[in-house]
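One structure is given below, encoded as structure tokens.
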Amino acid sequence: MANTDKKDIHTISFLVANKPGVLVRVALAFAKRGFNIDSLVVSPTTNAKFSRMTITAQGSPETLEQIIKQTSKLIDVIRAEEHSEKETIHRELALIKLKHTPSTKPIILKQAEKFKAKLISEEESFLIIEHLGTTAQLDELEAILKKYNVVELVRSGKLVIAKGRDST
Amino acid sequence: MTDKQKKQITGSEVLIKCLENQEVEYAFGIPGGVLIPIFDKLVNSKIKFILTRHEQGAIHMADGYARVTGKPGVAIATSGPGATNLVTGIMTAHMDSIPIVIITGQVVTPLLGKDAFQEADIIGITMPIVKHSYLVKNVNDIPRIIKEAFYIASTGRPGPVLVDIPKDVSTDIFAADMDQEMDIPGYKVPAKGDKKDIERMAGILKGSKKPLLLVGHGSVISSAEKEVKALAEKLRAPVVSTLLGKGGFPESHDLSLGMLGMHGTAYANKALINCDLILSIGSRWDDRINGNTEEFCIGAKKLHIDIDEAEIGKIVKADSYVVGDAKLVLRDLIKLIEPLDTSEWLKECEYYKKQFPLKYDNSKGLTIPYIIDEIYHLTKGKAIVCTDVGQNQMWSAQFYKIDDGKDWYSSGGAGTMGCGFPAAVGAQFGRPKDIVVAICGDGGFQMTIQELSTMAIHKLPVKVFVMDNKYLGMVRQWQELFFDNRLSGVDLLGNPDFVKVAEGYGIKGININDVKHARARIKEALDYKGPVLIHCEVHKEYNVFPMIPAGKSAFHMMIDPPKAKK
Ligand SMILES: Cc1ncc(C[n+]2csc(CCOP(=O)(O)OP(=O)(O)O)c2C)c(N)n1
Ligand SMILES: [Mg+2]
């Protein structure tokens, strides 16, 4: 906390060789520079030789630049790039489990509907809401629902893909 | 395989063949259970295996070999403790960008991750200190992996690459082609610099009246000696070097100001303070030359050439930079520059040289710098010098002028005590015809003293100078200067009679304990044709100056010992 760096949230997309250990190597570069990873998604690509890692993290732009350089240097990293929200489509998925009472259920569903979130499970007094949207939208609904006894919350982490001709 | 009757070969045999294809001359190490199949195939190989007495000795030998030959070194160790014994040496090589390929044995694949006997996750343990590493899971991958390992270790910014081979992989039958392509799409090796970047740099250089070239290890690794010299002479610019940049520009040259930094020459540091432009060629502006970035070369333009883009802007924000191989970048840069009028500036530097020369004083007893100065003159500056760490190292850097970067070994980034002597052994293997001098402290030498065996068995004529000040001298110096001389944990009481130790290994021992006989004994040692250890009993409390305290800029340099010395 004594860090005086200006902290911004950054989204970095890595195209990496699909090999054991590559996640550790990338994570080490973040840890070494004291960068905290907020979310991380590893997923396959159209080519089985490569995987995609999408990482969001907080820190100063200077430190981020260093991390991108350090990770780009890794043999198993093909490409590492920061993506601004403007040039990309970004999405995140949240699954929110709430314990409802007869009086809160309609309110919860109404709020969910406003965000185009869906009720996907209902067992005993537990509801699960699925919310797909931008990180900001997810944050917003989450803040609202927190008042209604959220018992568990799982988020996928941010996914980004470059628009148009650009590659991610 | 079906039509032709092929002899079945195992992973071990393939591995050795691949190492031979890489023209490996020597492999340094110690065997163990999981390595026996590999060692079996070494029996009929061209590769000479050098059995060391500790794996740390092996990895430092590979390091010394690599630095003085420019070829990758090879070290081999068994699973578990054998592999972990390498760790200090791997880190030493990593910090100094040294190409080493490390082969470690591993437990059989079905037992991986199950705490098998002598299992260590050496890939995990070394991940932060290697350039790359491989766990070989399929015998058929061996040719590709070994090819990649050598390529990665020795190109771009070099570094250690570890290959971990489970025992069952080394005994499996190989069923693929030996000739395999590399598959490393994420690995790029910068070569020539960007044309526009070089033009910009040349433009900035034009405006300088007081330019200074800062030669780092990158110059030496790139073998850019000729180009650095051409640049300095064309610009008429003085040159300073880092500890590992020694020899990147001949230190006997008129334009050389020697080493800068914490224990650099006063004139190098004065030039640093007063230059109006500094061009780093393969140095990473580290904290031993730049204790305080805020006060570093204030107002001077900073230019940076480095093959590793991650070094650009890491410490110092450069006014202009070029990413590329030093030699190639300089070739292009030299074409674009004009000689500068630096006569005033050179006069100023000359004045610093005259005013603040390096010095030592034997009036209170034999000193280490004097011995090194004698070694320098007696070897006419032609020896390969391998230092250990501490005061002995700093005096070596000050007093042994190096004209070719491949003649110098010192642990810069890591400052690893105990590396110097085994590195000298490795260097002598690599350059058998040259004079190799090891300069060690009494503390550091005792960390890898067991390699006297290796030196004796192979009759390597290394001249091992053990500077016995009976202290962990460099730490004692800091305690004296910054902690009121309250000595704590630095007394090496109980040092052995090093001459007897040498003789115990069948090595010639020579003792030097006074100024009067020093030169003759040093000469005797240097003229001796076999392995020799020179036990130098020196003034116990002599300190290295100049000195810039840690974390401070060159403005705070102490050229001489503080007056109020107790
Ligand atoms: C492996 C290791 N342990 C500890 C240190 C910290 N250290 C730096 S210099 C030094 C003293 C070295 O003493 P010696 O080898 O006798 O050399 P001298 O300074 O006396 O020439 C120590 C302990 C180190 N650099 N490396
Ligand atoms: Mg000592």
Rounded to 10°, Cα long-axis angle of helix B:225-235 versus longest principal axis of chain B: 30 degrees
Cβ neighbours within 10 Å from other chains - mean over B:307-313: 4
Virtual spin-label span in nm between B:E294 and A:K97, 7 Å along Cα→Cβ: 5.2 nm
Two-site label geometry, B:K317 and B:E233: point separation in nm, points 7 Å out along Cα→Cβ: 3.8 nm
Lysines whose Cα lies under 18 Å from that of B:K195, excluding same-chain neighbours fewer than 8 positions away: B:K206, B:K327, B:K335
Separation of the A:K116 and A:A27 label points, Cα + 7 Å toward Cβ, nm: 3.4 nm
Calculated FRET efficiency for the pair B:S488/B:K359, C-beta based, R₀ 51 Å, to 0.05: 0.95
Flagged links, alpha-carbon separation over 26 Å, of B:K209/B:K359; B:K226/B:K314; A:K19/B:K406; B:K229/B:K463; B:K302/B:K563; B:K71/B:K226: B:K209/B:K359; B:K226/B:K314; A:K19/B:K406; B:K229/B:K463; B:K302/B:K563
Additional length obtainable on full extension of the chain from B:K46 to B:A520, 0.36 nm per residue less Cα span: 166.5 nm
Per-residue SASA entry for B:D179, accessible area with 1.4 Å probe, Å² rounded to 10: 120 Å²
Inter-part distance where segment B:398-422 and segment B:330-394 are each reduced to a Cα centre, Å: 14 Å
Stretchable slack from A:E81 to A:D139, in nm (0.36 nm times residue separation minus alpha-carbon distance): 18.4 nm
Nearby aspartates and glutamates by direct alpha-carbon distance to B:K192 (threshold 20 angstrom, same-chain neighbours under 8 apart not counted): B:E225, B:E227, B:D306, B:D308, B:E309, B:E311, B:D319, B:D325, B:D332
Bridge type composition, chain B - antiparallel percent by DSSP, nearest 5: 5 percent
Cβ-derived FRET efficiency at R0 45 Å, B:I559 paired with B:K459, nearest 0.05: 0.50
Estimated buried accessible area (total), pair B and A, 1.4 Å, Å² to nearest 100: 1500 Å²
Mean Cα-pair separation over length for segment B:1-142, i.e. relative contact order, pairs under 8 Å, 6 or more apart, %: 22 percent
Difference of contour (0.36 nm per residue) and Cα-Cα distance, B:K192 to B:L111: 24.5 nm
Mean Cα-pair separation over length for chain A, i.e. relative contact order, pairs under 8 Å, 6 or more apart, %: 26 percent
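The values are calculated or read from the model by the stated rules, or taken from the named source; none is laboratory data. The structure presented is a predicted model; accordingly, all values stated were derived computationally and were not measured. Note that we place each Cβ from the backbone using ideal geometry, even for glycine, and neighbour counts take in every protein chain shown. Keep in mind that these areas ignore ligands, DNA and RNA; they rest on the heavy atoms of the full protein, side chains included. Shrake-Rupley method; radii C 1.70, N 1.55, O 1.52, S 1.80 Å.
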